[in-house]
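The values are calculated or read from the model by the stated rules, or taken from the named source; none is laboratory data. Predicted, not measured: the structure shown is a model, and the values here were computed from it. Positions of Cβ are generated from backbone atoms using ideal geometry, with glycine treated the same way; all protein chains shown enter the neighbour counts.
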């Protein structure tokens, strides 16, 4: 899970019947989520709203999305998030995703084709946490 620390965006939790997403910003410009269950359209919409807040504050964003506990998302939700990232790509310094579900990893790979390899997928928590620590320690 994303490391905790001083928060620039207050922690928000969105729970639906199929899953749960926790969102926070441990440092200006860095946006973290931890999702379990199925990521739904309404959950994705909350992620988009929070991402927009981070961009409005910092002028850029690096996302760290701990999707290890996520078992899937539907095509419409993947398309919703992919379209959003495509729209904000000029503000994106990186999108890092940790996932173990084969369905989720496949969705990340498909989205990455459209987003010109802007997404960095991890299958190991240590590498994901090291990338986050590096971002947090960067001035």
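General observations
- Residues in segment 59-82 that are part of a strand (DSSP E or B) and farther than 15 Å from residue 111 by Cβ: 61, 62, 64, 66, 68, 69, 71.
- Residue within segment 53-60 that is surrounded by 22 or more Cβ atoms within 10 Å (Cβ to Cβ) and more than 11 Å from the chain's Cα centre (by Cα) present: yes
- Some residue of segment 117-124 being part of a helix (DSSP H, G or I), at negative phi, at pLDDT below 95 and surrounded by 15 or more Cβ atoms within 10 Å (Cβ to Cβ): no
- Residue 85 being part of a helix (DSSP H, G or I), surrounded by 15 or more Cβ atoms within 10 Å (Cβ to Cβ) and out of contact with any helix residue (DSSP H, G or I) (no Cβ under 9 Å at 6 or more places or on another chain): no
- Candidate set from segment 33-52 (those that are in contact (Cβ under 8 Å) with a residue 12 or more places away in the chain, out of contact with any helix residue (DSSP H, G or I) (no Cβ under 9 Å at 6 or more places or on another chain) and within 25 Å of residue 90 (Cβ to Cβ)); member that is surrounded by the most Cβ atoms within 10 Å (Cβ to Cβ): 50
- Condition met for residue 134 (under 21 Å from residue 45 (Cβ atoms), at pLDDT 95 or above, surrounded by fewer than 16 Cβ atoms within 10 Å (Cβ to Cβ) and over 14 Å from the mean Cα position of the chain (by Cα)): no
- Residues of segment 12-51 satisfying the condition of being farther than 25 Å from residue 136 by Cα and in a strand (DSSP E or B): 15, 19, 37, 38, 39
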